[in-house]
Amino acid sequence: MLLLAPDRLRLEVTDSGLTERRPAMASSAAPDWFENERHRGLFLVSALALAWGHRPVLDHPALNLGLTVWADFTLDPAAIPSGLPPFVHAG
């Protein structure tokens with residue numbers, strides 16, 4: 001978690017899986033139920049987040065070390081505990 005601004009929180013999830021596939025929104029018109037079911041989390045993220053995206057763990061032309069998916073959310077600054085550091089690792 002990262003406080004980008006007093007009213008903005010960024011959540012990031014990193015997967016070290018080696019894959020050429022990138023996160024994608026499933027299409028409600030797609031006939032493959034399993035494929036739609038796999039990507040429904042991104043529907044939730046897209047509906048709740050201000051913005052979301054992804055980036056490689058390491059930007060390298062030959063290595064695929066995983067992917068980080070991030071999402072930014074609005075916060076009420078009055079609801080944030082005082083003294084919270086700008087970066088919070090929850091692990």
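The values are calculated or read from the model by the stated rules, or taken from the named source; none is laboratory data. Fair warning: this is a prediction, and the values are worked out from it, not measured in the lab. With ideal geometry, Cβ positions are generated from the backbone for all residues, glycine too; neighbour counts draw on all protein chains shown.
General remarks:
- The residue of the range 70-87 that is farthest from the chain's Cα centre (by Cα), among those that are closer than 14 Å to GLU12 by Cα and either surrounded by 11 or more Cβ atoms within 10 Å (Cβ to Cβ) or modelled with pLDDT of 85 or more (or both), is PHE73.
- Pair list, Cβ < 7 Å and 6+ apart or interchain, from the range 50-75 residues that are more than 15 Å from LEU3 (Cβ to Cβ) to residues that are assigned to a strand (DSSP E or B) and among the hydroxyl-bearing types (Ser, Thr, Tyr): HIS54/THR68; ARG55/THR68; VAL57/THR14; VAL57/THR68; GLY66/THR14; THR68/THR14
- Considering the range 1-56, the qualifying strands (runs of 3 or more DSSP E), each wholly inside and each with 1 or more residues that are of a type in the set (A, V, I, L, M) and at pLDDT 85 or above, run over 8-15, 51-56.
- Of all residues making up the range 57-69, the number that are in a strand (DSSP E or B) and not β-branched (Val, Ile, Thr): 1
- Answer residue from the range 45-69, given it is aliphatic (A, V, I, L, M) and within 14 Å of THR14 (Cβ to Cβ) and is surrounded by the fewest Cβ atoms within 10 Å (Cβ to Cβ) among those: LEU58
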